1. Looking at segment 69-81, I want the residues that are surrounded by 19 or more Cβ atoms within 10 Å (Cβ to Cβ) and have a partner that is among the basic types (Lys, Arg) with Cβ atoms under 6 Å, at least 6 apart or on another chain. Which pairs are those?
2. Condition test on VAL49, is it at pLDDT below 85, surrounded by 13 or more Cβ atoms within 10 Å (Cβ to Cβ), within 17 Å of GLY19 (Cα to Cα) and among the aliphatic types (A, V, I, L, M)?
Amino acid sequence: MPQPLGFLHSKPLRFFLSGALFTYLGPFLFYHLYYIGPILALLIVELLVHILRFSLYKSFVFSGGNFAVTPSRYIQAILPVLLANLLVVSSLAPYTSRLTVILVSLSISTFLGYLSSSASFKKHL
């Protein structure tokens, strides 16, 4: 008998669902915290989102198989994304709208996040 949530056994689907969640959560929080300053808002959002994301990656997205999510590998995976976001926010925030900053940051984060996560969490680096 098929399991009701059996489709969640697909690793690409779990990665996609996790990505979709954080694609909306991060920018939503950043948008609403922007008034405290873009850099401070980014740092708070990154800290909060990555604590949640690490837990979800470890227990749901990359559990078992050929992947290992450890704190050191997670930091290795998010460091390029965090540095890119800091560069984008500090460079664009003074000159453009909040929405533009979010869209540029989101585009870069999505691309770099996928590449670095896929590479960092493989068991045999």
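The values are calculated or read from the model by the stated rules, or taken from the named source; none is laboratory data. Just so you know, these numbers come straight off a predicted model, no measurement behind them. Note that we place each Cβ from the backbone using ideal geometry, even for glycine, and neighbour counts take in every protein chain shown.
1. VAL69/LYS58
2. Numbers: at pLDDT below 85: no; surrounded by 13 or more Cβ atoms within 10 Å (Cβ to Cβ): yes; within 17 Å of GLY19 (Cα to Cα): yes; among the aliphatic types (A, V, I, L, M): yes.
Criteria not met by VAL49.
Yes/no matrix, rows are residues, columns are (1) closer than 20 Å to SER109 by Cβ; (2) modelled with pLDDT under 85:
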site	(1), (2)
GLN3	no, yes
SER10	no, yes
LEU21	yes, yes
VAL45	yes, no
ARG53	yes, yes
THR70	no, yes
